[in-house]
Amino acid sequence: MYTLRQYAVRFHRRQPVAAGPFVEFASPKHHVCFSTTPLYASASNIISRVGIVGAGPSGFYVAKYLLKELGPGATVDVMDSLPTPFGLVRTGVAPDHPEVKAVQSDFEKVAGDPRFSFYGNVRVGYDVDVATLRSLYDVLVLAYGASEDRTLGIPGEDTLEGVVSARTFVNWYNGHPDYAQDAKLTGMLGEILAQASAQVAVLGQGNVALDCARVLAKRPADLETSDICEHALVVLRESKLAAVSVVGRRGHGQAAFTIKELRELSRIPGARLVVPPEEVARGLTEFTIAELAQSRPRKRLADLVASLPGPAVGGQAGEGGERVVALRFLLLPRAFLPDPRRPRRLGAVVFERARLELDGQGKRVVAVGTGETEELPCQLALRSIGYKSQPVDGLPFDNKKAVVPNRHGRVLEAASEEAVPVPGVYCTGWVKRGPSGIINTNIYDARETVAAIMEDAAQGKLPFSSSFSLLEVLAQAGRKKSEDVVSWEGYEKIDAWERRHGAARGKPREKVTDSHRLLEIARS
Ligand code: NAP
């Protein structure tokens, strides 16, 4: 057994540690490669060890397409900081969208390949560093998504209770251990929503915002047969919510949500979707009309918004226990105000009314403040203005775009046009392209990254891997005992436990939200 230091030395000298068709001596700057087998040998046999950081959809799709290319002797290790796989399919997709979660069965087939291994509960940057991973694998793929969110940078955002990111709320109802086990968060959400005629503002108008509004507006009975976590149902059953406002800074012609999700929001039993007609009218500027004329899907979406009833139609907000969901437009968030009776708690959001203009280049429609303000009373504000990836120690990061700098999935040494690729390191998913797109977008992304990997393999551009296993390295680092690492077999036990306990409640699964309990079940 080597110490990590010996191991690092071995890596830096780039000694060939695994028998392969190429003998290679490389430094970060110079890469020399001598072929010991005919050059026409298939690239599939050159790659013997792949490590993928992140077991969400982007990681699984890369595993899927790589496994199609690789030879029988190759291995693909997929690691995740959570004890469970599937990333946003488990902790992001709304519980009432089971059809989206069906993709999980595709990923289970990938995991059934004998060359695939799962290492759950392994935190890259803490349990193991990137330099070590680079030495373990010929190919290291970063697929760790976006674990932070964008912020508004306005007063009250970081200080007032009741200002919560949509990411936090979504993770909470979907059972991410870091949020679902947060008793303070559960207590605060419970207390706020149980107030008579509670009001919520969702800031931002993407599909995440619509997911949050829908979960809040639905009758709990209509969520009971989904895989929403029990602790969230307990809070939602006590909710006396009257109104949810989903607020955008631009007009309805620029809304980021999609028509399917909007239709769903308009058809919630016991809730009424409304829109102030004057905000729709103000959004129909000359350039918005021209923009909509060029895109049928956007035009259909804008027409659907315009066809919604106004707030006053059919009675007052919240009448007869009905929940009102209001789409609001052309409002720039400027400050969160405290509740005068409870100064630590949120009482309202201040917006500046906006008008639309074309940006300096005449390309993008932007919202410009008019100086006129509006105060929207609410006790809970969900900031839903997009997610953000984080850098990982030991690899470059483009702070401006909040992505790993890359060219077609090849990680670059810096965020510049001229930068050269870091040998053997690739990326896919939100760390590669930013936080946009649906689950299927990861298919195209993964295929592009896999093509880059295979091209580099064929050209002898990959570094050598060592013969150590990830578990050996983790043990050497002393950060993680092997019994605390969840294997695929361990996850299958968690899956069976959750399905069994879900079935008893008429749900597809009851998620375990406590990391210790997840490990116990995996070890059982
Ligand atoms: P998103 O689609 O990018 O929407 C972000 C929203 O925040 C936009 O309305 C944006 O307005 C607004 N925003 C950004 N900065 C702002 C600021 N400083 N002040 C006020 N508003 C601001 O992000 P998302 O909703 O987090 O979704 C992420 C991705 O996941 C998207 O591609 C989404 O489609 C996908 N997703 C899909 C589903 C589904 O298919 N059902 C569900 C969830 C998520 P501007 O347009 O003015 O910038």
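The values are calculated or read from the model by the stated rules, or taken from the named source; none is laboratory data. No experiment lies behind these values; they were computed from the predicted model shown. Glycine also receives a Cβ, built like all others from the backbone with ideal geometry; neighbour counts cover every protein chain displayed. In case anyone asks, the SASA skips ligands and DNA or RNA and just uses the protein heavy atoms, side chains included. Shrake-Rupley method; radii C 1.70, N 1.55, O 1.52, S 1.80 Å.
Report, in whole Å, the centroid distance computed from the Cα atoms of the range 120-180 and the range 259-300.
33
Please find the FRET efficiency linking Thr159 to Lys184, where r is the Cβ-Cβ separation and R0 is fixed at 22 Å, and quote it to the nearest 0.05.
0.90
For the chain, what is the calculated [θ] at 222 nm in deg cm²/dmol (nearest 500), taking -39500 (n - 2.57) for each run of four or more DSSP H residues and dividing by its residue count? Can you show the working numbers first?
Working: 20 runs with 178 residues, N = 524.
Taken over the chain, the calculation gives -9500 deg cm²/dmol.
What is the packing order of peptides 448-454, 284-290, taking the mean over residues of other C-beta atoms within 10 Å and listing the highest first?
448-454, 284-290
Restricting the count to DSSP beta bridges whose residues both fall in the chain, what percent are antiparallel, rounded to a multiple of 5?
Rounded to the nearest five, the antiparallel share is 45 percent.
Please work out whether the range 337-401 counts as rounded, prolate or oblate from its C-alpha gyration tensor, where a ≥ b ≥ c are the square roots of the eigenvalues and a/c under 1.5 means rounded, while otherwise a/b larger than b/c means prolate and anything else oblate?
Oblate.
Looking at the range 151-385, what % of its DSSP beta bridges pair antiparallel, to the nearest 5?
45
Between rounded, prolate and oblate, where does the range 458-507 land on the alpha carbon gyration tensor, with a ≥ b ≥ c its root eigenvalues, rounded for a/c under 1.5, else prolate if a/b exceeds b/c?
oblate
Can you list the residues, at least 5 places off or on another chain, whose amide H is less than 5 Å from the amide H of Tyr137, using H built in the peptide plane?
Ser466
At a 1.4 Å probe, what is the % contribution of carbon and sulfur to the accessible area of the range 428-491?
Values: 1390 of 2740 Å².
Here it works out to 51 percent.
Just read off the accessible area of Phe336 with the full protein assembly in place, 1.4 Å probe, to the nearest 10 Å².
Here the accessible area works out near 10 Å².
Of Thr258, Thr428, which has the most accessible area with a 1.4 Å probe, and how do the rest follow in descending order? Numbers along the way, then the final one.
On the way: Thr258 65, Thr428 0 Å².
From most exposed to least exposed: Thr258, Thr428.
Take the eigenvalues of the Cα gyration tensor for the range 241-283, scale each by 5, and report the square roots as semi-axes in whole Å, largest first.
So the equivalent ellipsoid measures 19, 13, 9 Å along its semi-axes.
Could you please state how large a percent of the accessible area of the range 327-421 is carbon and sulfur, counting protein chains only and using a 1.4 Å probe?
49
For Ala290 and Glu375, compute 0.36 nm times the residue count separating them, minus their Cα-Cα distance, and round to one decimal in nm.
Taking Ala290 through Glu375 to full extension adds about 27.4 nm, to one decimal.
Name the shape class, rounded, prolate or oblate, that the alpha-carbon gyration tensor gives for the range 378-509, where a ≥ b ≥ c are the square roots of its eigenvalues, rounded holds for a/c under 1.5, and otherwise prolate holds if a/b is larger than b/c and oblate otherwise.
It is oblate, given that a/c is not under 1.5 and a/b is not larger than b/c.
Multiply the residue gap between Ala131 and Ser197 by 0.36 nm, knock off their C-alpha separation, and tell me the result in nm, one decimal place.
Fully extending the segment from Ala131 to Ser197 adds 18.4 nm.
Under 19 Å from the 7 Å Cα→Cβ point of Arg267, by amide nitrogen: which residues of the range 218-251?
Under 19 Å, as judged by backbone N against the label point of Arg267, lie 218-226 of the range 218-251.
How much length is gained if the chain between Arg341 and Lys260 is pulled fully straight, taking 0.36 nm per residue apart and subtracting their Cα-Cα distance, in nm to one decimal?
Between Arg341 and Lys260, full extension yields 25.1 nm more.
How many Å² of accessible area per residue for the chain, probe 1.4 Å?
44
If I model a spin label as a point 7 Å beyond the Cα along the Cα-Cβ vector, how far apart are those points for Leu358 and Arg499 in nm?
5.6
Need one number: nm distance between label points at Arg523 and Arg407, each 7 Å from Cα along Cα→Cβ, rounded to one decimal.
About 4.8 nm, to one decimal.
Under a point spin-label approximation (7 Å from Cα along Cα-to-Cβ), what is the Gln459-Ile443 distance to one decimal in nm?
About 2.8 nm, to one decimal.
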